[in-house]
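Trainee: Can you keep this structure in mind? I'll have questions shortly.
Every number here is computed from the coordinates shown, using simple stated rules; none is lab data. For clarity, every value in this text was computed on a predicted model and none was experimentally measured. A quick note on method: Cβ atoms are made from the backbone with ideal geometry, for glycine too, and the neighbour counts reach across all protein chains shown.
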Amino acid sequence: MRTGIKLFLFSILLTTSITSAQSQKYEAVKNESFITYYLTHPLHEVEGTSNQSVCLIYADPAKKDIKNVLVEVPVSSFNSGNSNRDSHAMEVLNAISIPMVKFISTKIENGGDSLKVFGKLTFHGVTNDIVINAFTTWSDKKLIVNGNFNISLTAFKVERPSLLLIPVNDNLRFALKQVFYL
């Protein structure tokens, strides 16, 4: 199944890329990469992390240029450290019927060490445009991308959980680190 997902993502990547002889596909290394969400409630903040994303880029290391990004992560792979909270999140997000979060870039602005990645995020079965702000660290053999973005839970039709009758903040923040060996 994992190979099928990778092939599907790679085929999308190939059909949407502006290719050149120097550009290649790279996959992030899972044990060095992660995506973390931050959910805020007036009484506390919750964070959950996944290192199970499949992140593919199409890049030209010589030019330090990223052309396309594709990411897919299982909703159930996020761990907040509280199994009851994570189980409730899986219910709220319909993780059984909508198990994956997907992102496909539509435009990337490379500006030195900074990136602005525009794309389509499909979360909870809803697709919206988002922008990921990121910073890159290139070396001869490695690329590290650190980024962040925000989404509105209501824009993705997610019912905001409540604690003591007070709903969580509508803004869900994400931070990511993806490591690629070139």
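Trainee: Restricting attention to the alpha-carbon atoms of the chain, what are Rg (one decimal) and Dmax (integer), both in Å?
Mentor: For the chain, the Cα-based Rg and Dmax read 16.7, 58 Å.
Trainee: Give, as a single signed number, the net charge of other residues whose beta carbon lies under 14 Å from the beta carbon of residue 173, with Lys and Arg counted +1 and Asp and Glu -1. Before the final figure, lay out each step's value.
Mentor: Values: positive: none; negative: 45, 47, 170.
Computed value for this residue: -3.
Trainee: If you take the beta carbon distance between residue 30 and residue 87 as r and set R0 to 22 Å, what does 1/(1 + (r/R0)^6) give as a FRET efficiency, to the nearest 0.05? Each step should come with its number before you reach the end.
Mentor: On the way: r = 23 Å, r/R0 = 1.07.
The pair residue 30/residue 87 has a calculated efficiency of 0.40.
Trainee: I've got another one for you. Output the 0 to 90 degree angle, nearest 10, between the alpha-carbon long axis of helix 2-16 and the longest principal axis computed from the alpha carbons of the chain.
Mentor: Its long axis makes an angle of about 60 degrees.
Trainee: What ³J(HN,Hα) values, in whole Hz, does the Karplus curve 6.51 cos²θ - 1.76 cosθ + 1.60 give for the stretch 117-124 when θ = phi - 60°, with x put for Gly and Pro?
Mentor: 10, 9, x, 10, 9, 10, 9, 6
Trainee: Would you work out the charge dipole size for the stretch 2-181 about its Cα centre, treating the Cβ of every Lys and Arg as +1 and the Cβ of every Asp and Glu as -1, and quote it to the nearest 20 debye? Before the final figure, lay out the partial values.
Mentor: Details: 18 positive and 15 negative charges, 85 e Å.
Charge dipole of the stretch 2-181: 400 debye, to the nearest 20.
Trainee: Set Lys and Arg Cβ to +1 and Asp and Glu Cβ to -1, take the dipole of the chain about its Cα centre, and tell me which of 155, 78, 54 lies farthest positive.
Mentor: Final value for the positive-end residue is 54.
Trainee: Right, something else. Let me know the Kirkwood hydrodynamic radius for the stretch 78-165, please, with Cα pairs as the basis and the value in Å to one decimal.
Mentor: On the way: mean 1/r = 0.0656 Å⁻¹.
Taking every pair of different Cα atoms in the stretch 78-165, averaging 1/r and inverting gives 15.2 Å.
Trainee: A further question on this structure: Which value at 222 nm does the chain reach when only helices count, each DSSP H run of 4 or more adding -39,500 (n - 2.57), with the total divided by all residues and rounded to the nearest 500 deg cm²/dmol? Before the final figure, lay out the partial values.
Mentor: Working: 2 runs with 25 residues, N = 182.
For the chain, the value works out to -4500 deg cm²/dmol.
Trainee: Right, next: If Lys and Arg each add +1 and Asp and Glu each add -1, what is the summed charge of the other residues whose beta carbon sits under 9 Å from the beta carbon of residue 105? Numbers along the way, then the final one.
Mentor: Details: positive: 67, 107, 120; negative: none.
Result for the neighbourhood of residue 105: +3.
Trainee: Quote to one decimal, in nm, the extra length available between residue 47 and residue 114 on full extension: 0.36 nm per residue of separation minus the C-alpha distance between them.
Mentor: Values: separation 67, 0.36 × 67 = 24.12 nm, distance 2.51 nm.
Length gained between residue 47 and residue 114: 21.6 nm.
Trainee: Any chance you could give the angle, 0 to 90 degrees and rounded to 10, that helix 83-92 forms with the longest Cα principal axis of the chain?
Mentor: With rounding to tens, the tilt is 80 degrees.
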